[in-house]
Structures are given as C-alpha cells and as structure tokens.
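Enquirer: One structure is given below, represented as structure tokens, and several questions about it will come after.
A short reminder: the numbers here are calculations on the coordinates, not readings from a lab. Note that the structure is a prediction, hence the values are computed from the model and not measured. In this analysis, Cβ positions are derived from the backbone assuming ideal geometry, glycine residues included, and neighbour counts consider all displayed protein chains.
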Amino acid sequence: TRCITYKIAHLVSQYNVEPDRILAVTFTNKAAREMKDRVRQLIGEEQAEEAWISTFHSTCARILRRDIEKIGYTRSFMIYDDDDQQRVLKEIYKQLNIDDKFIPIRETKGKISDAKNKLMMPDEWFAKSARDRRASMIHDVMTEYEKRMKTLNALDFDDLLLKTLILLADHPPVLDMYRRRFRYVMVDEYQTT
C-alpha cells in the first residue's frame, strides 16, 4: 500500500493528474483506509477524496449503485452478509425439502461462492459437476438462490464482483465510461490478485 500511496501522490503533484482519474484497489478495508490516510497526508484531503481508493468489493458496489438497473436490479439493492445468506439458504432448503445433514448449508454456500468466483451460473456449474443426485440438489438450491436474491434485490459479496463483471461485459457504454475515466489503475498486492 505504501508504494501505491507514493505513486498516487507523485501522479497528482508532479504530473498534475486529476485525482478522479485514479483508481486504487486493495483487499481489506484496513489496507484501503491506510492507503487513503497516507494519500491525504501527501496531497491533502480534498484531492484524496476525489481519487477512488477502496477495496475491490467497495469499488464494485460503487459501480453497481450507478448502473445496476441495466442488469435487472434497483440501485437500492441490499448487500447480504454471511448471516443473511445463511438465512436465505435455510429457507430454500426448507422449501426444497433438503436435509442439511445430507448436504450441509456451508457446503452449498461454498459451492455457490466457488461457482461465482469461476464466473459460472448454476447451469454451467452443474454441467461441470459429477451430475449425481447431490449435485442436482445443490444445483436446485443455487438456481433458487439466484432467483430469490434477485427478487429480494440483494447481492452477496461474491455478487458484487460477478455482477459488476456482467454489467461491464454486457453494457459496453458503461465499460467505456470507466475506461475513459480511470487513466491510472493501481492494484495492491497485484501478484496475489
């Protein structure tokens, strides 16, 4: 984060880059706060506030708040945490009459997350699964989960990344707007990402 902080300050002070042309992302809220605090110390409060310095998830949430209606949600969407997600899955298990001793909710939650991180929708996940009874039941839960979350106008943390990618891929003018806006994109721990 320290290296990125100095790069941002250098761009703004030495090259007169407008701070709102800079996007800096990191993994944790703590790292984002530290980065923002250091940038404030180096270039001042006003300019630091113009740069987008945040976590991947916060950046995606910000993008979605502006344009999510293009993919069928409203801007007032809720972001569900683990407890909210667990509650929705319990309701789905009950609706589909699935015993959580046979398929633990935590397992299904992990499969949903893994599929989203691999950019797979439920049908794509199922096609790559063992396609046995267990996989079929998890697929049914995944499918219902997606429907339910959309009805609730809610996203989980994995959705923040996935839905942003869908938005940018399916709506080139939105992607183009961000391409024009951000001339400098910095990623903390780039090698890990």
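Enquirer: Cα-Cα over 30 Å: which of LYS36/LYS163; LYS30/LYS116; LYS94/LYS116; LYS7/LYS150; LYS70/LYS111; LYS90/LYS128? List each step's numbers first, then the result.
Expert: On the way: LYS36/LYS163 26 Å; LYS30/LYS116 25 Å; LYS94/LYS116 23 Å; LYS7/LYS150 40 Å; LYS70/LYS111 27 Å; LYS90/LYS128 25 Å.
The pairs that break the limit, which is 30 Å between Cα atoms, are LYS7/LYS150.
Enquirer: Name the most mobile residue of MET35, MET149, MET121, meaning the one with the largest mean-square fluctuation, in a Gaussian network model of the chain with Cα contacts below 10 Å.
Expert: MET121
Enquirer: Loop-only trypsin sites (Lys or Arg not before Pro) in the range 121-173, please: DSSP not H, G, I, E or B, and at most 13 other Cβ atoms within 10 Å.
Expert: ARG131
Enquirer: Which residues' amide hydrogens lie under 5 Å from the amide hydrogen of ALA154, considering only partners 5 or more residues apart or on another chain, with H built in the peptide plane?
Expert: Placed amide hydrogens put MET78 under 5 Å from ALA154.
Enquirer: Restricting to DSSP loop positions (anything but H, G, I, E, B) with no more than 13 other Cβ atoms inside 10 Å of their own Cβ, which GluC sites (Glu not before Pro) remain in the range 84-193? Present the calculation step by step, with values, prior to reporting the outcome.
Expert: Working: sites: GLU91, GLU107, GLU124, GLU144, GLU146, GLU189; in loops: GLU189.
The qualifying sites are GLU189.
Enquirer: Hey, can you grab everything whose amide H is under 5 Å from the amide H of ALA24? Only 5+ residues off in sequence or another chain; H modelled, so Pro and N-termini drop out.
Expert: TRP52, ILE53, SER54, MET186
Enquirer: Taking a ≥ b ≥ c as the square roots of the eigenvalues of the Cα gyration tensor of the range 92-131, is the shape rounded (a/c under 1.5), prolate (a/b larger than b/c) or oblate?
Expert: Numbers: a/c = 2.14, a/b = 1.79, b/c = 1.20.
Here the range 92-131 falls in the prolate category.
Enquirer: What does the helix-only formula give at 222 nm for the chain: each DSSP H stretch with n ≥ 4 adding -39500 (n - 2.57), the total divided by the residues, and the result rounded to the nearest 500 deg cm²/dmol?
Expert: Mean residue ellipticity at 222 nm (helix-derived): -20500 deg cm²/dmol.
Enquirer: Using alpha carbons only, how many angstrom separate the centre of the range 1-68 from the centre of the range 107-127?
Expert: 32
Enquirer: Another question about this same structure. Can you give the direction-averaged projected area of the convex hull of the alpha-carbon atoms in the chain, in nm²?
Expert: Details: hull surface 49.1 nm².
Seen from a random direction, the Cα hull of the chain projects 12.3 nm² on average.
Enquirer: Taking the range 140-193, which chymotrypsin sites (Phe, Trp or Tyr not before Pro) meet the DSSP loop condition and have no more than 11 other C-beta atoms within 10 Å? Please report the intermediate quantities before stating the final value.
Expert: Details: sites: TYR145, PHE157, TYR178, PHE182, TYR184, TYR190; in loops: PHE182, TYR190.
Sparse-neighbourhood loop chymotrypsin sites (Phe, Trp or Tyr not before Pro): TYR190.
Enquirer: How would you classify the range 112-153 from its alpha-carbon gyration tensor, with a ≥ b ≥ c the square roots of the eigenvalues: rounded for a/c under 1.5, else prolate if a/b is greater than b/c, otherwise oblate? Each step should come with its number before you reach the end.
Expert: Details: a/c = 2.79, a/b = 1.48, b/c = 1.89.
Oblate, because a/c is 1.5 or more while a/b does not exceed b/c.
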